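Structure first, commentary second.
FYI, it's all coordinate maths here, none of it is from the lab. Small disclaimer: the values here were computed from a predicted structure and weren't measured. Every residue, glycine as well, gets a Cβ built from its backbone with ideal geometry; the counts of neighbours run over all protein chains shown.
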Amino acid sequence: MNENTILQVDGLVKRLGGKPVVNDVGFSCSKGEVVGLLGPNGAGKTTTLRMCYGFLRPDSGTVRVGEWDIQKDNDPASRAIGVCTQDETFDGDFTVRGNLVQGCRYYRPKIADRDERVEEVLEQFGLKDFADAKPDTLSGGYRRRLMIARAVVHRPQIVFLDEPTTGLDPEARVLVWELVDSLRAQGMAVVLTTHYMDEAERLSDRLILLKGGKIRATGTTEKLLGDVVGEHVVVVSRTGADLEVVDAWFRERGGKHSVILTDWHVPMGSADLAEFVTSFPDLRYEVRPPTLDDLFLALAKEVAQ
Amino acid sequence: MKGNTLYSPMFHWQSWAVVARHLRVLLLNWHTALVPPIAEPVVLLLAFGVGLGRQMDDFTWNGEPISYLSYLAPGILAYTSFMMAFFQSLFSAFMRMHYQRTWEGQLTTQVRLEHVIWGEALWAASLASFYVVTMCLVLIGFGLGGMLTLNWPWMLVAIPVLYLGSLAFAFVGLLFTATLPSMDHMGLPFFLVILPIGFASGTYFPLPDIKWLHILAEANPLYHLAEGVRLLLIDGTLSFHLPKAIGMSLVMLLILVPIVRRKLRRRIFGED
């Protein structure tokens with residue numbers, strides 16, 4: 001754990017209802033770094049995140065935030081953490097400003113310049129005009145901003161964002177992305193989960209791909225795509241001729257093709273692509289670089305198999 | 001589970017931060033929150049104590065003739081401490097846990113589940129005691145009007161005992177909060193707790209001379225609270241009912257705190 005590492009997670013295991021939900025997960029996150037936890041539904045993203053911020057107790061494994069173990073030194077570790085949950089948990093009885101002030105009251109040592117800090121955060125998150133409004137009267141995008149603002153109002157070293165843009169329209173999503181980017185620029189460590197591939201790709205410095213509660217792959221987007229999907233994706237229309245022959249060719253090579261509406265999307269390496277081109281000279285198809293959507297589809301196939 | 005992690009959170013700042021949050025919300029909604037506790041006892045005392053009391057000239061308690069208003073007033077103090085604490089830790093806590101997600105928000109800070117539980121219980125007991133104090137002031141008003149005579153200074157002894165009783169009843173409410181699957185099942189605690197405890201408490205009338213009812217009452221902390229406070233305020237007697245009420249409240253806390261904690265851990269965290 002070097003001096004820039006804010007979060008160090010090792011060997012996390014969690015069973016819920018007798019079933020393993022997270023199994024031997026470990027990763028780290030440094031100052032000014034955004035780490036994305038990615039995976040299909042039920043992959044264990046939220047459970048991992050919840051153990052990281054001390055909401056759930058791991059069956060085994062450790063989470064260190066700065067110099068503190070989240071289980072043994074919960075108080076100082078929690079002081080260094082900010083959390084934006086998937087569901088809206090702001091206090092409907094208070095105004096936007098009241099929520100931020102109330103958020104500060106759940107931390108010790110107290111925030112010495114609390115009122116100034118609240119005004120600063122209202123400004124930073126574009127909430128100044130709604131400071132005296134009740135959160136329920138805000139649009140989805142502003143409510144999400146309030147959730148993130150409350151997560152950072154006490155100046156944590158690391159912030160956990162659980163699907164921060166789920167349910168938001170494209171414009172609101174971009175605004176949240178900009179906020180996350182500004183947190184990174186301030187030197188805050190950020191760990192986020194998301195279903196959105198473009199979000200993971202744009203925001204994360206490093207991705208951790210979870211599948212069935214285990215880490216399937218880690219690295220940059222390009223590395224993950226290369227490792228799990230392949231270098232290229234061939235898109236073949238299922239309405240053309242010779243489909244049985246093409247299907248048989250795919251199956252001989254592992255049958256990793258996904259059906260999306262009327263097309264087959266087939267990940268493959270350069271060697272396979274060269275062979276495919278020579279095998280089907282008259283077939284109409286498109287070759288494109290892999291995306292994180294392909295990654296999800298590939299994972300779903302692995303789970304099914 | 002070590003005892004200190006069960007009971008010591010009662011004194012932690014986080015539990016009191018939860019209490020302070022609820023107090024702020026109450027003060028924000030003071031116009032709706034404060035009217036019922038003042039209006040309710042006045043209406044009750046006027047309707048039952050004065051109205052019904054006039055129809056009962058030969059009302060006796062412990063073999064002595066007594067005005068029905070004097071009998072009713074201490075009982076209502078005990079019943080208020082029970083009902084308000086139970087109601088707060090059941091309905092209001094359930095709303096905060098399930099619908100408003102206030103608990104989830106608190107649990108992402110330095111506040112832990114033990115603090116949320118104790119915060120809810122302490123708040124329920126504090127609010128119930130605030131209602132009790134309000135009621136005491138109303139009773140003093142009746143006294144100043146010449147309608148009621150009680151041993152007023154003993155109220156200062158009754159209030160802390162009632163606070164402890166409220167705290168124990170708050171954990172009964174939290175037990176249901178931890179257990180009930182949805183708001184649709186809220187009738188159950190009324191049927192299982194409020195009805196039998198209220199019925200065998202001697203709040204409104206002395207218990208009839210039925211053996212099984214007295215056996216039931218002996219095991220009812222509200223009965224001992226009501227009788228203890230009544231003896232205190234009417235006769236100025238520190239009866240055996242008060243230590244019984246205190247003892248039963250402590251036993252309830254001893255038993256219920258770990259159960260509530262375990263059930264809520266399972267409910268909120270899904271842990272076995």
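Going 7 Å from the Cα of A:Ala300 toward and past its Cβ, which residues in the range A:217-247 have a backbone nitrogen under 16 Å from where you end up? Only A:229 pass the distance filter. Taking other C-beta atoms within 10 Å as the exposure proxy, A:Asp247, B:Asp209 rank B:Asp209, A:Asp247 from fewest upward. Using C-alpha pairs below 8 Å separated by at least 6 residues, the relative contact order for the range B:1-126 is 42 percent. If you take every DSSP beta bridge whose two residues both sit in the protein assembly as shown, what share of them, in percent to the nearest 5, is antiparallel? Roughly 65 percent of the beta bridges in the protein assembly as shown run antiparallel, per DSSP. Taken over the Cα atoms of the protein assembly as shown, the convex hull encloses 191 Å³ per residue. Here the simple spin-label model places points 7 Å from the Cα toward Cβ, and for A:Glu116 and B:Val42 these points are separated by 4.8 nm.
A Förster radius of 56 Å, combined with the Cβ-Cβ distance separating B:Leu52 from A:Asp242, puts the computed FRET efficiency at roughly 0.05. Based on alpha carbons, the Rg and Dmax found for the range A:231-289 are 10.2, 27 Å. Modelling each spin label as a point 7 Å along the Cα-to-Cβ direction, I'd like the B:Leu144/B:Phe130 distance in nm, to one decimal. Rounded to a tenth, the inter-label distance reads 2.2 nm.
The long axis of helix B:35-44 is offset from the longest Cα principal axis of chain B by roughly 30 degrees. Take each residue in A:100-107, count the other chain C-beta atoms within 10 Å of its C-beta, and the mean is 5.
Each label was represented as a point 7 Å from its Cα along the Cα-to-Cβ direction; for A:Gln186 and A:Glu231 these points are 4.4 nm apart.
Mean separation of Cα pairs under 8 Å and 6+ residues apart, divided by the residue count of the range B:3-269: what relative contact order is that in percent? Value for the range B:3-269: 25 percent. Computing FRET efficiency as 1/(1 + (r/R0)^6) for B:Ile194 and B:Ala219, where r is the C-beta to C-beta distance and R0 is 22 Å, gives about 0.85. Springs join every pair of Cα atoms under 10 Å in this Gaussian network model of chain B, and among B:Ala17, B:Ala93, B:Ala33 the largest mean-square fluctuation is at B:Ala33. Rounded to the nearest 10 degrees, the angle from helix B:221-230 to the longest Cα principal axis of chain B is 40 degrees. Per residue of peptide A:48-57, the mean number of Cβ atoms on other chains within 10 Å of the residue Cβ is 3.
Each Cα pair under 8 Å and six or more residues apart adds its sequence gap; the mean of these over the residue count of chain A is a relative contact order of 20 percent. Counting neighbouring beta carbons within 10 Å and listing from fewest to most, the residues A:Thr46, A:Thr262 come out as A:Thr262, A:Thr46. Counting only DSSP H runs of at least 4 residues, each contributing -39500 (n - 2.57), and dividing by the residue count of chain B, the helix-based mean residue ellipticity at 222 nm comes to -19500 deg cm²/dmol. Taking the fewest neighbouring Cβ atoms within 10 Å as the starting point, the ordered list for A:Thr62, B:Thr109 is A:Thr62, B:Thr109. Once the Cα atoms are used to define both axes, helix B:113-144 deviates from the longest principal axis of chain B by about 20 degrees.
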